[in-house]
Structures are given as C-alpha cells and as structure tokens.
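Report on one structure; see the data block that follows.
The numbers here are math on the coordinates, done by the rules we state, and not lab data. Being a predicted model, the structure only gives us computed values, none of them experimental. No Cβ is skipped: glycine too gets one built from the backbone with ideal geometry, and neighbour counts run over all protein chains shown.
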Amino acid sequence: MMEGVKAYQNAQDQKRKDVERLEKFLQSENEAQAELAAKAAFEQRLLLSSITQFSDQDCQDLVDLNSRKEMEKEEFVQYLNEIEHGASTLLSKILDYNKKTKETEKLMQQMEEERMREEDWLKVRWEELQNIRKNEILNDMKTMLMEFALMESTRQDVELMKGVTIREALDQ
C-alpha cells in the first residue's frame, strides 16, 4: 500500500511539475505575444508617422506647385497683356499708315499723268510694305504660338512629374 501511496504522490508530483511547466510555457507564450503586439503597435505607429510625413510633404508640394502655377499664370497673363498692348499700338500705327497711304494715293491719282513712273514705283513699294507687314504679323503670331506651346508642354511635364511623384510616394 505504501507503494501505491508513493506512486500516487509521484503521479501527483509529476502532474504538478507538468502543470508548472505548462504554466511557464503559457507565460512565455503570453510574453512573446505581448512583445509581438508591442512591436506591431510600434511598427504601426512608425508606418502611420511615415505616411503622415509623406502626406504632409505631398500637400506642401501641391501647395508649392499651385503657387508656382498661379505665378506662371499671372506672368503669362501679363505677357499676353503686353502683347495685346503691342498689337494695339501696332494696329494703331497701321491704321495711321493706311490713312496716310490713302491720302497719298489720292494725291497720286491727281498727278497720274505727270508721275506715272513714281506711281508704279510706289505700287511696288506698297506691295513690299504690305508683305513685310504681313510677315511681321505672322512672325509675331508664330512666336506667340510657340511660346504658348512651350508653356503648355512645361505645364504637362510638371503635371506628369506630379503624377509620377504621387505614384512613387504611394508605392512606397
């Protein structure tokens, strides 16, 4: 019977040891899970901080880009106003020139018989001046169109770079 009691006590001791080992194992597992949870929370805070920082930088970049675009727009409007003023002045001069030319033509008609050679010369000169004037206007218009195309190309490049930057930021 002693052996039975001893065997029972040994079995009880073994169970107690098994329970203690199981409790230690569970405690170490709980500590490991708590450590993993703390690490995950830290990583999440770090990630949120990075995302916030990138978002703030993107917002600032967009504000800066908007400011630059607004300034470029104002410069372009000012440039167009200057061109408009120049074209208006040129048109006024052309109208004055046309008026004077009409007066000259009228005088030439009165003196037609006497100054036939001079009239022919003036007609040729008039055509040359008209061609020069047309060429100047065409050249001014071509210059305006090329400058506008350059500004549009620059705007599209900036938009493209903005999209690439945003995609890169989102991909990270």
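Could you pull out the residue among GLU112, GLU128, GLU136 that is among the acidic types (Asp, Glu) and not in a helix (DSSP H, G or I)?
GLU112
Residue by residue, here is whether (1) closer than 20 Å to MET151 by Cα; (2) in contact (Cβ under 8 Å) with a residue 40 or more places away in the chain; (3) of a type in the set (Val, Ile, Thr) holds:
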residue: ASP13; (1), (2), (3): no, no, no
residue: ALA32; (1), (2), (3): no, no, no
residue: ARG45; (1), (2), (3): no, no, no
residue: LEU65; (1), (2), (3): yes, yes, no
residue: LYS69; (1), (2), (3): yes, yes, no
residue: LYS73; (1), (2), (3): yes, no, no
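Is at least one residue of the range 82-100 farther than 30 Å from GLN57 by Cβ, out of contact with any helix residue (DSSP H, G or I) (no Cβ under 7 Å at 6 or more places or on another chain) and outside any helix (DSSP H, G or I)?
No; the residues of the range 82-100 include none that is farther than 30 Å from GLN57 by Cβ, out of contact with any helix residue (DSSP H, G or I) (no Cβ under 7 Å at 6 or more places or on another chain) and outside any helix (DSSP H, G or I).
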